[in-house]
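The values are calculated or read from the model by the stated rules, or taken from the named source; none is laboratory data. This structure is a prediction, so every number in the text was calculated from the model and none was measured. Counting neighbours? That spans all protein chains shown, and the Cβs are built from the backbone with ideal geometry, glycine included.
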Amino acid sequence: MTLNKNIEMLRAAAAQGDSEAQCYLGYYYDLGNGVVQSYRKAVNCYRKSAEQGNHYAQNRLGACYFYGDGVKQDYAQAIYWFTKAAEQGYSVAQTILGIYYYKGGVVEQDYEKAAYWLAKAAEQGHNKAQKYLGSCYEEGKGVEQDSEKAAYWYAKAKK
């Protein structure tokens, strides 16, 4: 099947409310893959899919708000959508939230929230989350300081 035929099929399915098709179509617009790149069209597709609960679309919509791609940059909306995806167990969004809470700036620094989200992602094998969680344990940020747990998470991150 050609890319153009695939895009036409996605457009038809997206118009019928298919969440996955909306998400994929948004991704095509996001990258300009087989279509003229349009962040606004990507955001429109991601939003339709995200509102139906698609965690990947929620995460991508969060990124659009974070970077101001196709929408006015809005960190509060970015965090809202990252949180929606993270609450569904999406490790990428969990890691993003964990790092934002760890570093502060985008959100108020909160080591307990950082450790919470990083642990969720680390337990799913997300390498960067494991590294940051190791730092939380090493420095006692958001968790009780524990050098053995720090070493454990650092070792997991190196695999």
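The residues listed here are Ile96, Ile79; of these, the one that is at pLDDT 95 or above, in contact with a Gly (Cβ under 8 Å, 6 or more places away or on another chain), not assigned by TED's automatic domain parsing to the domain that holds Tyr28 and not basic (Lys, Arg) is Ile96. With respect to Tyr65, is the statement that it is over 30 Å from Ala14 (Cα atoms), in a helix (DSSP H, G or I) and without any contact (Cβ under 8 Å) to a residue 60 or more places away in the chain true? In short, no.
Glu123 fulfils the conditions (1) out of contact with any helix residue (DSSP H, G or I) (no Cβ under 8 Å at 6 or more places or on another chain); (2) crowded, with 16+ Cβ neighbours inside 10 Å except for a single criterion, (2). Consider the stretch 126-158 and keep the residues that are part of a helix (DSSP H, G or I) and among the acidic types (Asp, Glu). The one that is surrounded by the most Cβ atoms within 10 Å (Cβ to Cβ) is Glu138.
Close contacts from the stretch 145-159, counting a first residue that is touching a residue at least 24 places away in the same chain (Cβ under 8 Å) and over 12 Å from His126 (Cβ atoms) and a second that is among the basic types (Lys, Arg) and part of a helix (DSSP H, G or I), with Cβ to Cβ under 9 Å and a gap of 6+ residues or different chains, come to Tyr154/Lys131.
All of (1) without any contact (Cβ under 8 Å) to a residue 24 or more places away in the chain; (2) part of a helix (DSSP H, G or I) hold for Lys72 with one exception: (2).
The number of residues in the stretch 15-27 that are part of a helix (DSSP H, G or I) and closer than 16 Å to Gln58 by Cα comes to 9. Checked against (1) out of contact with any Cys (no Cβ under 7 Å at 6 or more places or on another chain); (2) part of a helix (DSSP H, G or I); (3) of a type outside the set (S, T, N, Q), Val106 passes all but a single condition, namely (2).
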